[in-house]
Structures are given as C-alpha cells and as structure tokens.
Amino acid sequence: MYLTVFNIYLVNIAPHTKGTMFSCILLILCTVFNTLGQQNIRSYKSFKKYDTHTEISVSDGIYLIRPLTNKIIETQFLPTGEKKEHQSHIEQKEFQPLAIVLTETKNQLKLNTKGIRAVIQKQPFQIQYYFKDRFLISEKNGFQQVEEMQRIDFTVTTDEVFYGGGARALPMNRRGYKLPMYNKAHYGYETEATLLNYTIPIILSSHKYLLHFDTAQKGILDIDSTQDNTIFYEAIGGVGTYQVVAGNSWETILQSYTAITGRQEMPPMWAFGNFASRFGYHTQQEVEAIVQQFQEDEIPLDAVVLDIFWFGKNIKGHMGNLAFDTEAFPSPFHMIETFKKQGIKTVLVTEPFVLTTSKRWQDALEQKVLATDTLGVPYIFDFYFGNTGLIDIFKPDAKAWFWNIYKDLTQKGVAGWWCDLGEPEVHPSDLTHVNGMADEVHNIYGHEWAKMLYNGYQNSFPEQRIFNLMRSGYSGSQRYGSIPWSGDVNRSWGGLQAQPKIALQMGMQGLGYMHSDLGGFAGGETFDPQLYIRWLQYGVFQPIFRPHGQEHIASEPIYHSEITKRLAKKSIDLRYSLLPYNYTLAFINTQTGMPLMRPLLFEENTVPAQTHHEGYFWGTNFWIHPVLHPNRQKESVYLPKGNSWYSFTNDVLYEGGKWHDISIEKDHIPVFVKSGSFIPRVSNLATTENYDLSTLQLHYYMSDTLAQNTEMLYFDDGKLSKAYQNGNYQKLFFNSKRKSNQLYIDITKEVGDFFESLATQLQLIIHGFDKKINTINMSGKQLDYHQQISKKTIRLHLTIEATEVSKHIKIEF
C-alpha cells in the first residue's frame, strides 16, 4: 500500500477564479487517485498458456482469457479462493481449440488470433481488445467489489453510439442511460420506458463490436451516464465473465453472437399469418362466432389466442387452474379440432402463478413445485390476480409437473403457447428458488421457462415446431423458440412511435421476432381508426402479425366499420401475399442470426445512420417507413444510399442516399423495393395451410446500376421440426444479369433428399422495364409475353416441372 500526501496552496487567487481552480485541482486529484487505485488494486504476476485458454495471475486472483473463434474472445476473472466454475446461462456450444500466437514483452502480453486479440498491459494492469489492428475497448478498473455489488467497467471512446440492454422504449442511441437490469412490465408505456420485460446484459457499439456480460443477477447497466467515457455492469453477484465479439460487418457480429447464445429454429408457418387475439374471449360460442365472422368477411386467419378466461370466468381467483372451464367451453377439444381442419390453430395463455383458490393449489403443495421461503415453506403472497404461490421453474420436479400440463393439452390439439407474466410480474426478494434467491435468478426465470417448454417438445413432440409467445427472457432466449412482444403498450400514437426502435434493438440482440400488440393494448377511451390502421400497416412488416388489446375496444377488424375493415383486410392480404419472402427471412434468421427487421446502420456506415429510426429494412429488399403520427399528408422519407428504390405501390423510382417528400395515403404506408431485387409473392390465401409452390409470382425490379444479383426463396411444409436439416425442403435461386441490351434471368432449384417437389406455375413480372423488347426466349424457344410500356412492366408465364432444376430466360431489347 502507498500513502501519498498532497499539499495544496491557494495563494493570491482572484475570488472569481477560486471555484474554477479548485474544480481543476479536484479533477487532477481524482485522476491521480484513480490511476494509483488501478496500480494498487491489481498488479500482474505471471501467465500460463493452455490449449484452450491463457491463465494470467494477478495480485488478487486470476484471469482466464479464451478466444472462442477469430471473432469472439471470452474473459473470466476469479478472485483469490474462488473455484474455476463458469456460471453461464447461455449454454455455449463447444468450440474447437483455436490457434493462438502469444508474445511477451517487458510490459505487455499479447494474445493474437487471425482476428480478435487481447493486449495485457502489466503495469498498471489493464486489458485491451482489438480486432486485427482496430482498437475496440479496454477494461478500466477491471473487476471490483463496490459495497455489496460486483462491478466490471470499461473505457470507451467519445464518438461511439451504443445499443443494447434489452427491450426499452428509448432512442436508438442508449449512451447516457443508466439502465436497471430487472425484468419488469410497464403497463401503458408510450414513448419512454427505461425498463421492460427483457433486460439483456449486452452492449453493441457503432464501432462494430459487441460486449456481453454473462450474468443474470439483478443489477445496473450504465452506458456512460456520467459522461466520462465509462460503461459498467454492476450486479449483486456473478459478473466475473464477459465476451467481446467483433467483425467487419453487423452480419458477422450477429453470426458470432448467436453462435454463442443460439439461433432461433424455424417457427411453424402459421406463425406468419393473422391472429385473432384480445384480453379476452369468455366463451366457446364467442370464439367460434369470431372465427366464422373472419371467414364470412374473407379475411385470412391462422390462429386464435385464448386469454385467461379459458380456465376461469373472472379475471381474479382462477389463475393456476390451467384446465378448460367446461361451463364456458363445453367441448373445447372438438372446437380446437374443428379449427384445425379449417387451417386455424389454437394458442392458450399460461402463467407461472398458482393461486390458493385454484383447482391445482393442493396438488402444487403436495408435489412441492412452489418456490419457498428460507425455511423451505411455500412462499405465499398477494398480487393483482389473487393470493398465490410461484412455480419454482428451476426445480426439476416442478418442471416435470408443469410440463405434463402442457404435454396433455398439446396431445389434445393445442398448437401454441402464450407464456405470460414470466418476469415474474411479482417476485419478492426474499423468495427462494432451488438455485438462489429471487433477485439472483429473476432475469432468467422466463428464459428457464422457455427452455423447459422447448426441451419438453424435443422429448415428447420432436417433429413438431414450437410456438411460444414469451413476455420475458434473457440472452439467448431465441435458442428455445421464444417469440417476444413489447408488453402492455398504450393504445396511443406515443405507444406506436416506440415500437420500431424496440423491435430493431431486440433484433440486434439476437431476438429477431420482437413485435407489438397491433393497435395497442392498454387504455384508450374510444376507438381511433386511423391509429389502428397505421399500426396494422406497420405490422405487415414486423415479424408477427397479432392485433391484441383490452376488450373494451375490439382488436379484430371484423368488429369495426366497413372502411376500417376494408383497410385492415388490405393490410392482412398484403401480409399473406408476402409469405414466400417472409418465410425466407425466417430461414435466413435460423442460419445466420440476422433479424427480419434491420436498422439503417446495418448497411450505411455514417453518423446519421447510427441513430436513424424513421425507417428500417425488412430483410434486404424492402425499406419501410411507418406512419407514426396522425393526419399526415406528407412525410420526409430517407432512402438508403447505394441503390435506387421503387415505390411498392406505383413503381415510381427514387434515388437512394436522399430524403424525399412522399405523399401519405390512407390505404398504405410508404414502402420501397430496392432496384435489382426479386420479390416472390402468392395470392388468395385464406390461411398459410394453402401455401405451396404450385403457383408463384416472381417480381423483378430492374436496376441500371446492379449488373448481377442472386437471391433465394426457401420453402418447406411449415410443420416439421428441423425440416431443413433432415432434407425436407426446397430452395429456388433467382439470378439476374444485365449486359448492354440484354437481360438474363435464371431460376434454379435445389430440392432436399426427402422433399417431394411440385411443378410450379410461375408468373414473372418485371418492373421498371422501359425498353422496346425484340425477343424473349427460354432455352432457345421464344416465350409469349405482355408488355405495358406506360407502366414499364413485362409479364410472362412459364412452368417449372417437378423434375426440372433450372430455367434460363433471355430478354433482348
């Protein structure tokens, strides 16, 4: 230990400058003491190199530094006396040992891979991270014990924009925020909510790296709130491990991050259709009438969601029954089977609370499935729905008990689940689980619940895809099929305005299916048809299309005016027509971790792009500009640079890299298609059950600047789990090539070993073609076509036989 004494003299200083001078001296002292603190708290001793990691001994413990790949490095600190156990909840896969070049100088130790590397400064001790020669981030004071909290802090540069921290209704740039890490619902939020249902300990930097704190305990994520270029994660325990992920593109960063935390498997195809949902349907008769009305109005429908009234007549007193109330639903499984034959799936809400007044209370006590107090007695408490216990989701016997309820209902035809209140909504701090106190495991409760459900399907229904609307989760919850939504958003324009940013941020953090209750959930005294329609129009281009809200205002379009119904139907029909494109986006997500909704910064490396939130990419080919304010006649719309963009509604071509004034119409929001793109579409679907590749529209949008482009359509039966891995799939590849006065379009087919291919009647529609055609031929034979010069389109028809693998089209003009 060192004792340093500073003598400070304020002599002959003008009175008006003393305050300034004193502040400067304090700043100098703080800097000195901080530097001394780093030197004195931790000093380098030695290192040992192993096959999988490097162990660095310091004065108060050891660091274990392990490159997982050339883009991922993991660092763990173990204080003196602590065992070498990594308490991770993300279930990392095993990585092959990586070739590491280790070099040592007098004051540095360097761990180099072909990409990411760590530089350890011996005195004062510090770890810095680089990707090749690009500096990423450095530890500041490293791991510390601050009062009763554990902390790790880092020094960042002044110009970085930061994202992450889970689901928050905040600006795109989250720098300057001190974020509580404790999953919690925020009823009726609008444009700002610093805490929502998914708190994820992750930070992403505009400098193209990602920092993941591998801990789940209650804590704080501080993203430079003190404006001194410091970020830190502080929790009640377990902050000893973090991963740094880097790359040259956002795609490679997300590929690497989801290689650690897991990727979402393909949801069932019906998940991309329209849902009937509200809080809630009270009787079987009501549900059947709603489904019938959708069919009579010819509005496509794929699923109906039953809220809490399926197991009880009232909001309060019945939670935990988890069995149909047979007075209100006299023949529920006949209803479910009837719906299924019509292509409509049934989804049931479930919660982890068992009320003392529920029919399962005694069984829950006897089977010892409830969380307890410190003496092992079931912990009973009051919350909105009644006097309750909480299922200990971490306890093997409790998981088995809970899963058997799901298993029984799945066997009887239930197609999907809505796992609600899983933060948990009320979780007393002195409640005890088998693996820790409530605050220690709170943030992974929903994650563990999703894991239980996923593993149950793997064991009992291995060929069936899981659908799980999960309100709460953690890093990697996508691995278990969690489909998050943004909670109890207010039914207001402010509520709508928050949604794109929430979804974009969650997609960047691995959870690509974040969506919102279309139309808004909470409050609202009267129905606002304009708000409702604008929310549905936005919903066409978000991962799940599910209108939902409190029942005093109908969420279903069938209960509104004819004009509202007509506008809603137009959006829903558009959603169904894009199923080939959307389903392919889902496949890409399973393979790469790339979200369906993507921010501008994924494609533009500019300062304005880093915080742009007015529009977003839907896949790579669409640019979406939601209408988030009432009574708009025009909107200023930015179109990404590097391409020209077609209006999706009228084929007007706009230059990219510029802002354009766009007229706003009632029946659609501004949507643009990138030139050079292929957009596959279908028509006249009542449910996704009707979708196959027997008929297909393929829209190609001409480009004067893109000489060649290749895209893909993915298809499977939408039901079988792991269809792609097992060879039950088909891909179509579309390639365009432009040469002076010739356009070539090639279509090739890839069929899995166990997939039965159908003949495809293909209608090819070429947009933006303003030249006079000489000939169109395919494999040397001329094709008939229809050209509309005024609309700059060409239409032609062809058949791809089941056994054919390619078609080659040549257009001369």
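With runs of 4+ DSSP H residues as the only contributors, calculate the mean residue ellipticity of the chain at 222 nm using -39,500 (n - 2.57) per run, divided by the residue total and rounded to the nearest 500.
Rounded to the nearest 500, it is -6500 deg cm²/dmol.
Mind pulling the angle between the C-alpha long axis of helix 579-592 and the longest principal axis of the chain? Nearest 10 degrees, somewhere in 0 to 90.
With both axes taken from Cα atoms, the answer is about 30 degrees.
Equivalent ellipsoid semi-axes for the range 43-261, as square roots of 5 times the alpha carbon gyration tensor eigenvalues: give them largest first, rounded to whole Å.
So the three semi-axes of the range 43-261 are 28, 19, 17 Å.
Pop out the ³J(HN,Hα) list for the range 314-328 in order, Karplus 6.51 cos²θ - 1.76 cosθ + 1.60 with θ = phi - 60°, rounded to Hz; leave Gly and Pro as x.
10, 5, 9, x, 10, 4, x, 4, 6, 8, 4, 6, 6, 6, 7
Using Cα pairs closer than 8 Å and at least 6 residues apart in sequence, work out the relative contact order for the chain, in percent.
Averaging sequence separation for qualifying contacts and normalising by length gives 9 percent for the chain.
Once a ≥ b ≥ c are taken as the square roots of the eigenvalues of the Cα gyration tensor of the range 478-629, is the result rounded (a/c under 1.5), prolate (a/b larger than b/c) or oblate (a/b not larger than b/c)?
Cα axes put the range 478-629 in the prolate bin.
In nm, give the distance between the simple-model label positions of Asp382 and Glu804, each being 7 Å from the Cα along the Cα-to-Cβ direction.
7.2 nm
Using the charge dipole of the range 662-756 (Lys, Arg: +1 at Cβ; Asp, Glu: -1 at Cβ; taken about the Cα centre), state which of Ala723, Ser675, Phe733 has its Cα farthest towards the positive end.
Ser675
Report the Cα-based extents of the range 41-85 along its three principal axes, largest first, to the nearest Å.
Computed over the range 41-85, the largest-to-smallest principal extents equal 31, 20, 18 Å.
Near Ser472, within a Cβ-to-Cβ distance under 10 Å, what is the net charge of the other residues, with Lys and Arg +1 and Asp and Glu -1?
Around Ser472, the surrounding residues sum to -1.
Just going by the charge dipole of the chain, with Lys and Arg at +1 and Asp and Glu at -1 on Cβ, which of Asn643, Gln144, Thr199 is farthest out on the positive end?
Asn643
For the range 269-583, what is the percent of antiparallel DSSP beta bridges, rounded to the nearest 5?
The antiparallel proportion sits near 35 percent.
Shape verdict for the range 159-246, please, from the Cα gyration tensor: rounded (a/c under 1.5), prolate (a/b greater than b/c) or oblate.
Verdict is oblate for the range 159-246.
So what is the relative contact order of the range 585-706, in percent, for Cα pairs below 8 Å that sit 6 or more residues apart?
19 percent
Semi-axes of the equivalent ellipsoid for the range 377-465, please: Cα gyration tensor eigenvalues, times 5, square-rooted, ordered largest first, whole Å.
Values for the range 377-465, descending: 25, 14, 11 Å.
Points 7 angstrom from Cα along the Cβ direction at Glu94 and Ser740: gap in nanometres?
Result for the modelled spin labels: 5.9 nm.
Express in % the proportion of alpha carbon pairs of the range 405-541 at distances exceeding 26 Å.
When every Cα pair of the range 405-541 is considered, 35 percent fall beyond 26 Å.
Set the bar at 27 Å for Cα to Cα. Now go through Lys178/Lys395; Lys565/Lys634; Lys45/Lys83; Lys71/Lys140 and name every pair that lies beyond it.
Long pairs (Cα-Cα over 27 Å): Lys178/Lys395.
Taking Cα atoms of the range 269-583, Rg/Rh with Kirkwood Rh, to two decimals?
0.96
For the range 339-356 and the range 621-652, write down the distance between their C-alpha centroids in whole Å.
38 Å
Starting from the Cα of Thr611, step 7 Å along the direction of its Cβ; do the same at Asn774; then give the gap between the two resulting points in nm.
Distance between the two pseudo-spin positions: 5.4 nm.
Which one of Leu764, Val805, Tyr714 has its Cα pushed farthest toward the positive end of the charge dipole of the range 692-812, where Lys and Arg give +1 and Asp and Glu give -1 at the Cβ?
So the residue we want is Leu764.
Give me the Å³ per residue figure for the convex hull around the C-alpha atoms of the range 539-663.
For the range 539-663, the hull spanned by Cα atoms encloses 148 Å³ per residue.
Mind checking the range 473-568 for GluC sites (Glu not before Pro) that DSSP puts in a loop (not H, G, I, E or B) and that have at most 15 other Cβ atoms within 10 Å?
Passing sites in the range 473-568 are Glu525, Glu551.
Using modelled amide H (1.01 Å from N, peptide plane; none on Pro or chain starts), what sits under 5 Å from the amide H of Lys122, excluding residues fewer than 5 places away?
Distant-sequence amide H within range of Lys122: Gln108, Leu109.
Compute the orientation-averaged projected area for the range 692-812 from the convex hull of its Cα atoms and round it to one decimal in nm².
Seen from a random direction, the Cα hull of the range 692-812 projects 7.9 nm² on average.
Restricting to Cα atoms and excluding each atom paired with itself, what does the Kirkwood estimate give for the chain in Å?
Computed over the chain, the radius equals 28.8 Å.
When the dipole is taken about the Cα centre of the chain, and only Lys, Arg (+1) and Asp, Glu (-1) are charged at their Cβ, what size is it in debye, to the nearest 20?
2360 debye
Please compare each pair in Lys368/Lys399; Lys184/Lys368; Lys399/Lys451 to a cut-off of 19 Å on the Cα-Cα distance and tell me which ones are over it.
Lys184/Lys368
Every number in this text was worked out from the coordinates using simple rules, so none of it is lab data. Keep in mind that this is a model prediction, so the values were computed, not measured. Note that we place each Cβ from the backbone using ideal geometry, even for glycine, and neighbour counts take in every protein chain shown.
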